[in-house]
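Report on the following structure.
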Amino acid sequence: MDEIDIEILNLLQTNSRISLTEISEKIHMSISAISGRIRRLEQSGIILNYTALLDYTKLDKDLIAFVNIKFKKNTSVEVIEEFVNAQPDVYECYLQTGTFDCVLKIITKNTVTLKNLLSLFNDEITIEEMQTNIVLKPLKQNRFIKL
């Protein structure tokens, strides 16, 4: 990957619908050369997908919570993974080191829907401890990987 690939990736991260013509004009390369580079970036797995960023507050999801969970000893990672993948309000889930085993990022309608999801989680998975932190105000939300 060279500087031109990095420029292309930065443009695509900013606007995944940018046309090949616009990229070509900004980078001063032919459209076919740009197209070939993008195809190689896709085939190599650097570009995973093209997506739209949505304003969740306009979609009736006004609450963000980070939930740290410590599982009981014999809890299977596969069971956890299957459960969180089935929950549309769980946007991210990471296994982690430290006091807690994983952290969830939940975006949901309100505290009632959060409580219902956490109760469901508690019913389905053997949890030793759970800590919920509700976001008051996002100070930085970066969806762009600095290259």
Could you count how many residues in the range 38-96 are surrounded by fewer than 16 Cβ atoms within 10 Å (Cβ to Cβ) and touching a Ser or Thr at 6+ places or on another chain (Cβ under 6 Å)? 2
Filter the range 104-128 for residues that are of a type in the set (Lys, Arg) and outside any loop (DSSP other than H, G, I, E, B); the one that is nearest to Ile64 (Cα to Cα) is Lys105
Being within 16 Å of Lys146 (Cα to Cα), of a type outside the set (Val, Ile, Thr) and in a helix (DSSP H, G or I) is the filter; apply it to the range 1-48 and report the residue that is nearest to the chain's Cα centre (by Cα). Gln13
Farther than 30 Å from Leu12 by Cα and either of a type in the set (S, T, N, Q) or surrounded by 15 or more Cβ atoms within 10 Å (Cβ to Cβ) (or both): does that describe Leu118? yes
Would you check if Ile31 is aliphatic (A, V, I, L, M) and in contact (Cβ under 8 Å) with a residue 24 or more places away in the chain? no
Could you tell me whether any residue of the range 102-112 is in contact (Cβ under 8 Å) with a residue 60 or more places away in the chain and either within 30 Å of Ser16 (Cβ to Cβ) or assigned by TED's automatic domain parsing to the domain that holds Thr14 (or both)? no
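Please pick out the residue among Asp101, Asp60 that is of a type outside the set (Gly, Ala, Ser), farther than 18 Å from Gln131 by Cα and in contact with a Lys or Arg (Cβ under 6 Å, 6 or more places away or on another chain).
Asp60
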Is there a residue being farther than 15 Å from Lys73 by Cα and touching a residue at least 60 places away in the same chain (Cβ under 8 Å) anywhere in the range 124-132? yes
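Condition check ((1) in contact with an Asp or Glu (Cβ under 6 Å, 6 or more places away or on another chain); (2) of a type in the set (S, T, N, Q); (3) farther than 30 Å from Thr14 by Cα; (4) outside any helix (DSSP H, G or I)) across all residues:
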residue	(1), (2), (3), (4)
Leu54	no, no, no, yes
Asn68	no, yes, yes, yes
Gln87	no, yes, no, yes
Gly98	no, no, yes, yes
Met130	no, no, yes, yes
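The values are calculated or read from the model by the stated rules, or taken from the named source; none is laboratory data. It should be emphasised that the depicted structure is a prediction, and the values quoted were computed from it without experimental measurement. No Cβ is skipped: glycine too gets one built from the backbone with ideal geometry, and neighbour counts run over all protein chains shown.
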